[in-house]
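One structure is given here, and the rest of the page talks about it.
The values are calculated or read from the model by the stated rules, or taken from the named source; none is laboratory data. The structure displayed is predicted, hence computed values, not measured ones. Quick reminder, even Gly has a Cβ in these numbers, built from the backbone with ideal geometry, and neighbours come from all protein chains shown. In case anyone asks, the SASA skips ligands and DNA or RNA and just uses the protein heavy atoms, side chains included. Shrake-Rupley method; radii C 1.70, N 1.55, O 1.52, S 1.80 Å.
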Amino acid sequence: MTRVVMAVNNAGSNDYRVVKSAEVLAAAGYECVVVGLRSGDLPARETINAVHYVRVSLARSRWALLPALVSGGALLWNRLRKPPPLPIADTPTPLLTSRHSGPSAANSDAPTRHSLRAWLRRRLQNFRPATAPLSVRLLFARLLQAYLPALLALDADIYHAHELWMLESCALAARARGARLFYDSHELEPHRNLDWCPASNRRRIAYEQRYIHAADAVFTVSPGVARELMGIYGLPSVGILRNTPWLARLRSAPCGLRTTLALADGVPLVVYTGLVTRNRGLELVVAALPALPAFHLALVGRAESQTAAALATLADQLGVAARVHHLAPVPPEELIDFIASADVAVIAAPDVCLSYRYSLPNKLFEALFANLPLVTSDLEDMRDFVTAHGLGEVFAQGDVAALSAALRKVVEQRGRYIDEAQREQLRVEYSFDHEAGDLLSCYRELAARGARASTAGGRRW
C-alpha cells in the first residue's frame, strides 16, 4: 500500500483542507498519516476516519535549535546516516479513536489555541530589519528540528507539504527516502497578508524559492494564484484544488442561524463566515449598517480578540451594536445548513495583497452551497466567479455606500440571484467530491512513478 505522509503546522484534525485531502486519499486506498503539532490535551496520535494523526512538539529551548541553524540543515542531515527513533511507541498499541468524527469546529480558518501563527505574530512583528532574518531562520530551524525526525521515521512513498512552513522538512525527508514530494500552497506566499517587515518576508520566501523545484507536483487554491506561482518560479504547471465543501459529508445542523438569533423571517440577515481578523473588511460591513436600519449582521467563526474589540467599539459608536452578532464556530459539515436561513452572505476583504486579489475563499463556496446570494468586494478571481454565474453583486472596495446599496439590492431582489437548477449544477461541479479528482489523478501518477514495496511486516505509523 502506498503511504502518504502529510505535514501541517497545526494539529491537523482542525484544518479542514488537510482533513478533506487526507480522507479522500484514505478512501482511495492510500495509507495516510498527518504529522501536526501537539497542543493542549490532544493525543500524540489518533485515528479519525481512517486517517492517522501523529503530533510532535516544538523545542522549547533555543539551544536545541543550534544543529538546525546550519545552512541547509546540514547537521540534521547527518541523522540520516542511522535510523532515527520513532516519534511514537515502538511496541504495538491499539490505535486511538477520536471522540469526535471530524475536524474541530473551526469554520476553515481557525488555528489551535497555541498556534504557530500566534507565536509568529508575538515574536516577529516587532523585530527590526537587522534581526528579522535571524528570527525567521530560527523559526524554520524550530520546525525542521521537530518535524524532520518524525517524517523520516514514518518512511513515506509520498510526502505532502501543506503550506510553506512544511516544505523544507518534507523536501529533505523525500530526498532522504527517495520518495515523491507534493506541495500544497494554501496561499500565494510571496504576496500574502502578513504583518512582517520586508526583511522577514524576503527570508521567508527564500525557503520557498529553494525547495519548490524539488516538488514533483504543486497545487494551490485558485487560477490566479496558480498563474502567479508559475510566473514567479518558472513552474511548468500548477494544479488547482479549491477550498469547497464536501457534499458527501454535509449534514443538518441542530439549529439554524435565524432560530439561534431569534430573528423573525422578515428581518434581513447578513452572514459572514470564517475567522474574524484584520483585513477582512468587517469594519466596512459594520459601517454600512446605519444606512440599513432593519439589517442584522451575524459573524460565524472564531474571533481574534483585538479585531473583535475594535468591531464592538465601532458598532457602539455607530449605534448598531444590538444588530451585530458574533457566534461561535460551527462544525464544517453543519455550517452550510446552519447559515442557509440568512438572506445574503458578505465577503468584503480589501485588495491588500495578491494572495487576496486571487483568492477563492471557502466562504464563497459555503454561500453558494447554502443557496445564499453574495455581495463581494472587487477582487479579481472572486469577482469573475460571482459575475460569471450571476451569484450576486460586486461593490467597489472601501466604498461603504456601494456596499450598503449592494446589500439592499440583493435582499430586495433576492429571487434574481437564486436559480436552483443552476446552483445545483454548480454545487456538483465545485464540490470537493469533484475537485478531488485532479488530486487523485496526480497521486496515481506519483505513486506509479515512485511506488516502493512496504518493508517486511509492514511499517508502523
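Of all residues in segment 48-59, those satisfying the criterion of being buried (at least 17 other Cβ atoms within 10 Å of the Cβ) and either in contact with a strand residue (DSSP E or B) (Cβ under 6 Å, 6 or more places away or on another chain) or of a type in the set (Ser, Thr, Tyr) (or both) are Val51, His52, Tyr53, Val54, Arg55.
Out of Leu379, Leu372, Leu403, report the one residue that is under 30 Å from Arg251 (Cα atoms) and either crowded, with 18+ Cβ neighbours inside 10 Å or touching a residue at least 60 places away in the same chain (Cβ under 8 Å) (or both).
Working: Leu379 fails: under 30 Å from Arg251 (Cα atoms); Leu403 fails: under 30 Å from Arg251 (Cα atoms).
The match here is Leu372.
Remark: pairs (first residue in segment 175-197, more than 29 Å from Leu446 (Cα to Cα); second residue open to solvent by 20 Å² or more (accessible area, probe 1.4 Å) and hydroxyl-bearing (Ser, Thr, Tyr); Cβ separation under 8 Å; 6+ apart in sequence or on different chains) = Asn193/Tyr356. There is at least one residue in segment 294-306 that is basic (Lys, Arg), within 26 Å of Phe432 (Cβ to Cβ) and touching a residue at least 24 places away in the same chain (Cβ under 8 Å).
Among the residues making up segment 251-278, a single one is over 17 Å from Val300 (Cα atoms), open to solvent by 60 Å² or more (accessible area, probe 1.4 Å) and in contact (Cβ under 8 Å) with a residue 12 or more places away in the chain: Arg251.
When you scan segment 350-445 for helices (runs of 4 or more DSSP H) that lie fully inside it, which ones turn up with 2 or more residues that are under 19 Å from the mean Cα position of the chain (by Cα) and of a type in the set (D, E, K, R)? Don't jump to the end; show me each part of the working.
On the way: elements: 354-357, 362-369, 380-389, 400-412, 420-429.
Of the helices (runs of 4 or more DSSP H) lying wholly inside segment 350-445, those with at least 2 residues that are under 19 Å from the mean Cα position of the chain (by Cα) and of a type in the set (D, E, K, R) span 362-369.
Residues in segment 282-293 that are without any contact (Cβ under 8 Å) to a residue 40 or more places away in the chain and assigned to a loop (DSSP other than H, G, I, E, B): Pro293 only. Filtering segment 359-368 to residues that are of a type outside the set (Lys, Arg), within 19 Å of Ile240 (Cβ to Cβ), crowded, with 24+ Cβ neighbours inside 10 Å and modelled with pLDDT of 95 or more leaves Leu364, Glu366, Leu368. The set of residues in segment 311-345 being of a type in the set (A, V, I, L, M, F, W, C), touching a residue at least 40 places away in the same chain (Cβ under 8 Å) and open to solvent by 40 Å² or more (accessible area, probe 1.4 Å) consists of Ala328, Ala340.
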